[in-house]
Each structure stands twice: as structure tokens, then as C-alpha cells.
Amino acid sequence: MLQHNAPLSFQAVTKRYGDASALEGLTLDVKAGEFLTLLGPSGSGKTTALNILAGFTQASEGEVYIDDRPVGALPPERRNVGMVFQNFALFPHMSVFDNVAFPLRMRKATRALTREKVGAALETVHLSGMADRKPAALSGGQRQRVALARAIVAAPPVLLMDECLSALDLKLREEMRDEIRRIHGTLGTTVIFVTHDQSEALSLSDRVALLNDGRLCQVDHPQAIYDRPATRFVADFIGRTNIIAREAFEHLSGQPLGGPYASIRPERLHFTPQPGDIRLTGTIEDLTFLGASIEGRLRLSGGQTGGQVLRFAVPRSINAACPDPGQEAVMGCAPADIVTLND
Amino acid sequence: MRLSTILFAMGVLLLFFPILVVVPMSFSADRFLGFPPRTWGLTWYRAYFSDPVWMAATFRSLRIALFASTIATLAGLLSVIGLGRMGPRWRAGLTGLFIAPAIVPNVIIALGVFILALTFGATDSVVTLTLAHAALALPFVVMIVGAAYRQVDPNLERAARVCGAGPVRAFMAATLPPILPAVVAAAIFAFFISFDELVVALFLMGGAETLPVRIWNDLRFEINPTIAAISAFFVVITTIAMAIAELLRLRTQKRLR
Ligand SMILES: Nc1ncnc2c1ncn2[C@@H]1O[C@H](COP(=O)(O)OP(=O)(O)O)[C@@H](O)[C@H]1O
Ligand SMILES: [Mg+2]
């Protein structure tokens with residue numbers, strides 16, 4: 001059951017509560033059929049953006065477009081979006097079937113059509129045998145699937161999900177992650193997925209939009225946003241990294257830096273410096289053996305950089321031994337792996 | 001036995017003492033009220049059910065209580081919904097205002113209603129009394145229904161909205177079912193607040209007596225065991241109804257968890 005999908009767009013959307021703004025001039029275009037994740041720490045405005053899109057909250061300024069039509073004046077029930085809530089928000093007094101059938105009943109579908117579509121939606125989320133149960137008799141993962149089925153049953157062109165995996169335990173979360181990706185693949189709906197979990201964002205999305213304090217920091221493909229973070233916040237929030245201030249960096253490398261900070265990912269450091277690499281000398285601290293890799297810290301020695309600690313993660317190789325803790329070591333990093341950051 | 005147990009038993013006994021006296025007295029066949037009765041029978045129940053004055057007062061009270069409870073429940077439900085949609089500061093203030101009549105002594109309210117009714121020439125009216133009773137019951141409805149409403153996940157109504165339901169449909173589909181037992185419980189409480197109410201009725205009802213007014217007037221002239229029969233009869237009915245209301249309230253809490 002391939003569904004239609006629609007592009008959507010935020011144009012300079014601002015939401016103020018008193019003096020504080022929950023969202024500040026958000027401009028973002030989402031292509032039809034795209035899986036876009038709004039990522040950011042708690043309180044960064046993700047839910048606010050989603051609520052404005054769904055119609056639960058009015059924007060103070062700006063406009064949201066679904067399928068190139070402004071929707072600011074439309075109530076939620078006329079926006080034709082599907083939504084999965086963090087706590088699932090299943091109707092507790094209705095059976096699974098009635099929960100999933102609800103959007104169809106609101107659209108006055110015939111009984112036969114309702115039965116057919118609910119059946120198909122439950123099959124999509126692998127819950128076919130559960131139609132008569134009440135939500136209270138389901139596990140967390142099953143409730144999540146019912147919520148998903150209810151959101152997609154009426155084939156909305158846009159699907160919104162607000163932290164919908166956070167309530168699940170780790171194993172279930174990974175399972176549902178694959179499930180959501182599979183469903184997006186089959187349905188082709190435009191998905192706006194909200195999370196504060198960067199690994200969820202990186203693994204699921206076509207593109208990630210990172211929010212901080214109500215502002216959009218960067219939008220890009222997962223790999224690009226990981227490899228080329230634009231600001232210190234992005235580099236810090238997505239994955240782990242080492243941030244080196246400009247003076248220290250210039251002192252270490254003898255090269256100028258085009259911004260206030262340099263970022264080096266831990267896995268970009270290695271113990272076999274090549275000609276042309278930037279060389280970092282220091283003392284090894286805190287080695288942790290992780291099977292496939294070894295992680296640890298290098299305390300830089302000497303001069304202006306003295307005392308700064310860099311994390312590293314190197315693949316474990318049987319041939320090349322890693323120095324022991326307390327030993328002096330020289331690590332290398334290719335200039336291409338150094339990313340200049342703005343504030 | 002521990003002191004707390006003894007105190008608890010004494011407290012319960014104190015609360016139930018009037019009932020323990022009234023119920024045996026109602027089955028007396030004596031001509032005058034006395035405890036313990038010397039002869040037994042259903043004389044006074046028969047006297048109550050066959051007296052057109054007592055019956056008229058009873059049905060008047062039932063009618064008033066039914067209407068007052070319906071009005072209070074609907075108004076209370078709407079108030080709770082309205083309060084729920086306000087900003088936190090307005091909500092706190094207005095909730096206080098809604099609950100306030102529950103703390104004001106009934107005599108004061110009775111006096112107020114009476115003066116108001118005088119200015120509008122609406123004394124001695126079943127309608128005025130019904131409205132006054134509805135106002136007396138409103139705070140309890142707001143408290144009982146409000147407690148349940150605050151526990152309902154606000155996302156339920158939003159979920160219904162994105163599913164395509166308008167605001168009213170969404171309320172009916174998502175919010176009302178989980179709080180319905182509390183609404184029914186509130187209606188039962190409201191019913192008995194009106195059914196029991198004497199003071200306001202004394203002020204407003206000269207000619208047509210409600211049951212409490214009839215009892216009051218009867219007591220002033222002679223104490224005959226009809227009163228005991230009526231009391232015993234309504235103690236049983238009230239107890240059953242209140243038990244149902246309490247069960248419903250507990251069920252709401254379970255349902256919302
Ligand atoms: N109804 C509201 N009234 C006042 N402030 C709010 C309201 N809703 C959200 N906020 C504020 O807006 C900011 C963004 O909130 P939210 O969008 O929920 O963040 P997120 O979903 O990213 O955690 C927060 O600082 C929050 O306190
Ligand atoms: Mg949120």
C-alpha cells in the first residue's frame with residue numbers, strides 16, 4: 001500500500017512564550033517522501049515545531065506549508081497528518097481495532113473499507129492477531145505498533161513522530177527503529193521524526209536538522225553532519241569529538257585555522273603518523289579494551305597545549321601494539337580529518 | 001487493643017449512633033417515638049407511604065434533586081473543561097472561585113439567594129430552589145470531575161484531533177469516556193446535596209414543602225415515628241447510592257492509571 005506524500009516547509013517560524021522564544025525563525029524545507037529528523041537536546045523546541053506543524057500550537061510568526069499550501073489557519077483535523085505520540089496516546093477504552101479504525105471513521109469510510117484498511121495497517125505493523133485486545137493488555141512495543149498503525153491507516157501524506165521510541169527499552173527501541181525504517185520504505189510517506197538521541201537520528205534519517213535553544217544549527221545528511229559539523233555545538237552533540245581552541249591548534253600544527261575551534265573525532269587519531277599528518281605528542285591515560293577497538297586518552301605535553309586531553313579510539317590490530325598507560329606516544333591526524341568549527 | 005483502634009471504633013460508633021437508634025425505632029408500632037420500641041411493626045412505613053402530603057413532598061424533592069443534579073453536573077463538566085484550557089494563573093484563581101460556595105455556610109447562601117429572589121419576585125418557586133441547589137452542588141462537581149479530568153492525558157484529545165475529529169468529537173471520543181464514571185459519581189453526590197438540603201428550601205419554599213422542609217415542620221409540632229421510618233428508608237437509599245458513587249470514583253482512578 002504505497003501512499004502519497006507531500007513536501008512541507010517551515011518559513012521563518014517563531015514561537016514565543018512571554019519573553020522567551022521556544023522557536024526562533026525556523027526555516028526548513030522537507031522534500032516529499034523524505035525522512036527528516038529534528039534532533040536536539042531537551043527544551044530545544046522540537047515538540048514546539050511539531051505542534052505547530054500538527055496545528056496544536058499557533059506560530060507567533062511565520063508560516064508552515066504542507067503540499068505548498070499554508071496551513072496556519074487550519075485546525076489539526078483538517079491538516080491530514082498522522083502522528084505518533086511519545087506516550088502513544090491510545091484510547092484506553094477502545095480495542096486495538098477501534099483505535100486503528102478511528103481515523104477512518106472520522107473520514108466516514110464504509111464498514112467494509114474500514115475493516116480492510118485496519119487489517120492492512122495491523123499487518124504492516126505485525127499485529128494482526130491483536131485486533132480485539134484493549135491497549136492495557138499490550139506490551140510497550142505492541143502499543144507503539146498500534147499507535148503507528150493508527151497514524152498510517154488513513155494514508156496521510158505526512159507522518160509526525162515525537163520521541164516515540166524513548167518510552168521503550170533499548171532492545172525494543174532498536175527493533176522499532178528497523179521497523180520504522182521498513183515502514184517508511186514501503187509507504188514512502190514524508191516523515192518528521194523528533195528525537196534527542198543522536199544515534200537514532202543518524203541511523204534513521206535521510207537528513208538531520210539539529211536544533212539548539214529554538215534555533216536551527218545545521219541540516220544535512222547524517223554522514224555529512226557527522227563529518228562536517230558547522231559549529232562547536234553540532235560537533236559536540238553528534239558523536240564524540242575533541243575540541244581544540246585556535247591558539248592551541250595553531251601552536252600544535254603550525255598551521256593557521258579558519259575558525260575559533262578545531263574538531264578531531266577520536267577515531268581519526270592513530271598511532272602511525274604519516275608524512276604531512278599533524279603530530280600530537282603526549283602521555284597515554286586510561287586505556288579501555290573494547291574488543292574490536294581500544295579507547296583511551298592522550299594528555300598533550302608541553303607549551304600552550306599542556307594539559308589538554310584528547311580522546312582516541314583506534315581499531316585494535318594484533319601487529320601494531322598500543323602503548324601502555326603512562327607511556328609517551330605520538331599520534332597523528334590527517335589534515336583532511338580536521339574540521340574547523342564556528343561558535 | 002491499641003489506643004488508635006479504640007479511638008477509631010469510638011469514632012465509627014459515634015458516626016453510626018443516630019442510625020443505630022433510628023432504624024429500630026422505625027419498626028416500632030408504638031404511638032409515640034421512644035427507644036427502645038415496646039411493640040414492633042410496619043405501621044409507620046405504611047403511614048408514610050399512604051400520606052399524600054408526605055408523598056407530595058418526597059416527589060417534589062426528587063424532582064428538584066434530579067434537575068438540580070443535572071444542571072450542576074453539566075455546568076460543572078463545562079467549567080472543568082473551560083478551566084482546563086486556561087493559563088495556569090487564571091485556572092488557579094477561578095478554581096478557587098468555583099469551590100468557594102462549598103465553604104460558605106448554607107445559611108449565608110440561603111439569605112443571599114432569598115434576597116436575590118425577592119428582588120426578582122422569584123421566591124416560593126421550585127425553579128429558584130432548583131437553581132440554588134444546582135449552585136450549591138456545583139463546587140462538588142467541579143472538585144470530583146476536575147480531579148479525574150486533570151489525570152487524563154491531554155495527548156489523547158490531540159491524537160483524536162489529528163485523526164480527523166473536530167474539537168467536540170475529540171472530547172467525546174477521547175476525554176469523556178475515561179472520566180465518565182467520575183461524572184456519574186458527581187451527579188449522584190449533587191443529587192443528594194439537593195435532596196438533603198433544608199436551609200435554602202426553608203427560606204424559599206413557603207407553600208410547597210420539600211421533604212426536608214416537611215420533616216422540619218412535622219418535628220416542630222409533634223414527634224411521631226413516621227420520621228423514623230422516613231429516615232431509615234432514606235439512610236438505606238443514600239448509603240447504596242453513595243457507595244455506587246464512591247465505587248465509580250475509584251474505578252475512574254483505576255481506569256486513568
Ligand atoms: N506552553 C508553554 N508555555 C511556556 N513555555 C513553553 C511551553 N511549551 C514549551 N515551552 C518552552 O519552550 C521550549 C521548547 O520546548 P519544547 O518544544 O517542548 O522542547 P523539546 O521538545 O525540544 O524538548 C522550552 O524551553 C519550554 O520550556
Ligand atoms: Mg519534546
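The values are calculated or read from the model by the stated rules, or taken from the named source; none is laboratory data. These figures come from a predicted structure and were not determined experimentally. Note: ideal-geometry Cβ built from the backbone for every residue, glycine included; neighbour counts use all protein chains shown. Only protein heavy atoms, including side chains, enter the accessible area calculation; ligands, DNA and RNA are left aside. Shrake-Rupley method; radii C 1.70, N 1.55, O 1.52, S 1.80 Å.
See the values below:
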quantity	calculated
Per-selection Kirkwood Rh - the stretch A:184-343 (Cα, Å, 1 d.p.)	17.2
Listing of the stretch A:85-104 residues, each with accessible area lower by at least 50 Å² in the full protein assembly than in the chain alone (probe 1.4 Å)	A:Phe85, A:Phe91, A:His93, A:Phe102
Sulfur and carbon atoms: percent of accessible area, the stretch B:54-256 [1.4 Å]	73
Rounded Å value of the spacing that divides the Cα centres of the stretch A:253-315 and the stretch A:92-113	58
With DNA, RNA and ligands ignored, accessible area of B:Met25 (1.4 Å probe; Å², nearest 10)	20
Nearest-10 value in Å² for the accessible area of A:His93, using the 1.4 Å probe	60
Exposure of B:Arg169 as accessible area (Å², to 10), given a probe of 1.4 Å and all protein chains	120
Alpha-carbon gyration tensor eigenvalues x 5, square-rooted, for the stretch B:35-132, Å	38, 19, 15
Accessible area of the protein assembly as shown divided out per residue, in Å², using a probe of 1.4 angstrom	49
DSSP bridge orientation in the protein assembly as shown - percent antiparallel, rounded to nearest 5	70
DSSP bridge orientation in chain A - percent antiparallel, rounded to nearest 5	70
Selection of chymotrypsin sites (Phe, Trp or Tyr not before Pro), the stretch B:1-110, meeting DSSP coil and at most 14 other Cβ within 10 Å	B:Phe32
Pairwise label distance in nanometres, A:Asn342 with A:Leu113, each label 7 Å out on the Cα-Cβ vector	5.0
Pairwise centroid distance, computed over Cα atoms, of the stretch B:213-240 with the stretch A:1-62, Å	66
Projected-area average for the stretch A:31-159 over all orientations - Cα convex hull basis, square nanometres	9.0
The stretch B:180-239 shape via C-alpha gyration tensor axes, a/c threshold 1.5	oblate
Accessible area in the full protein assembly, largest first, 1.4 Å probe, for B:Ile71, B:Ile81	B:Ile71, B:Ile81
Cα centre as origin, Lys/Arg/Asp/Glu Cβ charges: the stretch B:54-256 dipole, Debye	960
Inter-site label distance for A:Ala167 and A:Asp132 at 7 Å from Cα along Cβ, in nm	2.6
Quotient of C-alpha Rg and 2.2 N^0.38 Å, computed over the stretch B:104-196	1.46
Accessible area, probe 1.4 Å, largest first, for residues A:His126, A:His184	A:His126, A:His184
Selected from B:Ala228, B:Ala57, B:Ala170 as most flexible by GNM, with chain B as the system and alpha-carbon contacts under 10 Å	B:Ala170
Given charges at beta-carbon only (K, R positive; D, E negative), |dipole| of the protein assembly as shown in Debye	1680
Kirkwood Rh and Cα Rg combined as Rg over Rh, evaluated for the stretch B:54-256	1.04
Peptide-level mean, for B:151-161, of C-beta atoms on other protein chains within 10 Å	6
Rounded Å value of the spacing that divides the Cα centres of the stretch B:96-120 and the stretch A:147-179	54
Normalised alpha carbon radius of gyration of chain A [divisor 2.2 N^0.38 Å]	1.20
Percent accessible area from carbon and sulfur atoms, the stretch A:27-185, protein chains only, probe 1.4 Å	49
Among A:253-261, A:142-150, the order from most to least packed when residues are scored by Cβ within 10 Å on average	A:142-150, A:253-261
Label point at A:Asp29 placed 7 Å out along Cα→Cβ; residues across the stretch A:64-93 whose backbone nitrogen lies under 18 Å	A:64-71
B/A buried area, accessible surface, summed, 1.4 Å probe, Å²	1700
Crossing angle, helix B:176-196 versus chain B [Cα axis fit, 0-90 degrees, rounded to tens]	30
Nearest-ten-degree value, helix B:211-221 long axis tilted from longest Cα axis of chain B	30
Overall Cα dimensions of the protein assembly as shown, principal axis frame, Å, largest first	120, 64, 53
Degrees between helix A:96-106 axis and first principal axis of chain A (Cα, 0 to 90, nearest 10)	70
